[in-house]
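Working notes for the structure below.
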Amino acid sequence: MTSSPPLATAANPTPNLRRNFRLGVLNGALFTFAETLTDPSLVLAWFLDNLAASNVIIGLVAPLRDAGWYLPQLLTSHRLGYMPFKMPVYRQATVVRTATWVAMTAGVFIFNSPPILIAWFLVMYIINSLASGVAGLPFMDITAKTIPPRQRGRYFGERLFWGGLLGIGGGYLVKLGLENGLGLEFPGNVGMLMLGTTIIATLGQLVFIQTTEPPSPAAVEMATLKDHLRLAARLPDQDHNFRLYLIARSVMIIGGVAAPFLALYATRALAAGAGMIGIYLGVRTAASLASNRLWSRLSEQHSGRLVMQASSIQALAAMIIALALAPLARLLALPSNTWPWLFAIVFGLIGSSGSAIGVAGSSMMLNLSPDNQRAIYVGFANTVLGVAMFITSFGGLVVDLAGYEGMFALAGLCYLVGIVATAGVKEPSLEGATL
């Protein structure tokens, strides 16, 4: 493997740092806004539930998106690690992603049969997720080349912060769309939200394409795919910190198996109306936004490990509340119409937890990856995390077999393991230019 150009130091600041930083933050803000409009755990789960999709299919939505982003990256890293410029791959993936967003949106207005619409949506959704995964590794590598280590926590935090501001408005649009229909009946109301996602996400990609990417020296000779995979498989044994990071992130991702079912539990068990989905989305977004600067500051001044642990602790608390709320409410004889509102606490904790892992997860991975092996480290890590994402696709089966309570208990156990594993990770000292 060849070495990448040295990262910035105070004496050698990264060229175009401020411009690239701002473009990356704008890209992240637009994508966060776009994903709010068609949030997999809330909007798309509700969409499929109203099309009479099974719990298994509903449970696949979030894992399909996230696993599709992670899984292709080890294979992509074989080629990408030897390319001086990664942006061409990102641009190629942009075409496919935009085309599939358009196709998903059009399908909502074209197909009248729920089974056909579900099948069309899932096929386009899978293709979009895989194309996003192909774009993911160039994005991460370009970020590592353009954003110094000390700034990475802040970089990912700012992406989430400004995205959270836009997401509050997105939550209101979701509430209008699902409650009043935006002037359209179901599924046209969801189709309008999908159209918003298409337009905004495409703009986000066009923004990132404007990033000034410095070259990486290309290798004279490329290793075979077999040798590449063999080297990747040895990384966890050779790097203790990397192994613990993978364990922690994997179990935390598996803990996310409960996410698509929180809103469904509220509507089915707590009698929450459709409009509450927009409220939950707004609470989650507001909590993410309110906590974001705290996590960014802790990551920059202390460590990503601390922030990752905070993420797990909050998610564990959310699962405990999800398990205990209904029994306690009955015991205390609280009016049933207050139960859905009390359940919003769960989404507040999930929002803050998601903000914390958004700040620390990717920045820690980049910081733990040696400069001259970044592509294979990131590619391998994201493929492993993609497998963890795929495991969460069995969430619907868990609900069918163990109920919502069994689902929440399993998720809580995963977050507990994540707290313990993260405690053993030792991050390298942070260096780099400041803004």
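Quick rundown of the values:
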quantity: Share of carbon and sulfur in the accessible heavy-atom surface of the range 268-331 [1.4 Å probe, %]; calculated: 65
quantity: Whole-Å distance, taken between Cα centres, linking the range 134-209 and the range 19-44; calculated: 2
quantity: Highest to lowest packing among 55-67, 323-335, scored as the average C-beta count within 10 Å; calculated: 55-67, 323-335
quantity: Charged-residue dipole, Cβ positions (Lys, Arg, Asp, Glu), the chain about Cα centre, Debye nearest 20; calculated: 740
quantity: Segment Val102-Leu184, length gained on full extension (0.36 nm per residue, minus Cα span); calculated: 27.7 nm
quantity: Separation of the Leu203 and Leu413 label points, Cα + 7 Å toward Cβ, nm; calculated: 4.6
quantity: Largest-first principal axis extents, alpha carbons of the range 347-435, Å; calculated: 50, 28, 24
quantity: Estimated 222 nm signal from helices in the chain, with DSSP H stretches of n ≥ 4 weighted -39500 (n - 2.57), rounded to 500; calculated: -26500 deg cm²/dmol
quantity: Dimensionless Rg/Rh of the chain - Kirkwood Rh, Rg from C-alpha atoms; calculated: 0.96
quantity: Alpha-carbon Rg/Rh ratio, for the range 34-147, with Rh computed the Kirkwood way; calculated: 1.04
quantity: Exposed-loop-free span, longest in the chain, where GluC sites (Glu not before Pro) count as exposed if DSSP calls them loop and at most 15 other C-beta atoms lie within 10 Å; calculated: 222-430
quantity: Thr392, Thr338, reordered so the largest accessible area comes first (probe 1.4 Å); calculated: Thr338, Thr392
quantity: Inter-label distance for Asp237 and Thr224, nm, one decimal - labels placed 7 Å from Cα along Cα-to-Cβ; calculated: 1.9
quantity: Rounded FRET efficiency, nearest 0.05, which uses the C-beta distance separating Ser113 from Arg293 and R0 of 60 Å; calculated: 0.80
quantity: Cα principal axis extents for the range 112-156, largest first, Å; calculated: 52, 18, 9
quantity: Heavy-atom accessible area ranking, 1.4 Å probe, most first, across Trp341, Trp120; calculated: Trp341, Trp120
quantity: P(r) weight above 11 Å for the range 329-379, C-alpha pairs, percent; calculated: 75
quantity: Tail weight of P(r) past 27 Å, computed on alpha-carbon pairs of the range 102-222, percent; calculated: 37
quantity: Probe 1.4 Å - accessible area at Arg268, Å² to nearest ten; calculated: 120
quantity: Carbon and sulfur %, accessible surface of the range 129-209 computed with the full protein complex present, 1.4 Å; calculated: 70
quantity: Percentage of interatomic Cα-Cα distances in the range 133-190 larger than 18 Å; calculated: 58
quantity: Which of His228, His302 is most accessible, then next, and so on - probe 1.4 Å; calculated: His302, His228
quantity: Equivalent ellipsoid, the range 187-317 (semi-axes from 5 times Cα gyration tensor eigenvalues, Å); calculated: 36, 24, 19
quantity: Debye equation applied to the C-alpha atoms of the range 283-386, log10 I(q)/I(0) at 0.12, 0.16, 0.17 Å⁻¹; calculated: -0.52, -0.77, -0.82
quantity: Candidate aspartates and glutamates - alpha carbon under 16 Å from Lys86, same-chain residues fewer than 8 apart omitted; calculated: Asp141, Glu213, Asp371
quantity: Under the Debye formula (equal points on every Cα, no solvent term), log10 I(q)/I(0) of the range 83-123 at q = 0.17, 0.18, 0.25, 0.30 Å⁻¹; calculated: -0.54, -0.57, -0.78, -0.94
quantity: Accessible-area composition of the range 334-418, carbon plus sulfur, in percent [1.4 Å probe]; calculated: 75
quantity: Residue-normalised accessible area of the chain, given per residue in Å² at a 1.4 Å probe; calculated: 39
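The values are calculated or read from the model by the stated rules, or taken from the named source; none is laboratory data. Being a predicted model, the structure only gives us computed values, none of them experimental. Note that each Cβ is placed from the backbone with ideal geometry, even for glycine, and that neighbours are counted across all protein chains shown. Each accessible area value is taken on the protein alone, full model and side chains, heavy atoms only, with ligands, DNA and RNA left out. Shrake-Rupley method; radii C 1.70, N 1.55, O 1.52, S 1.80 Å.
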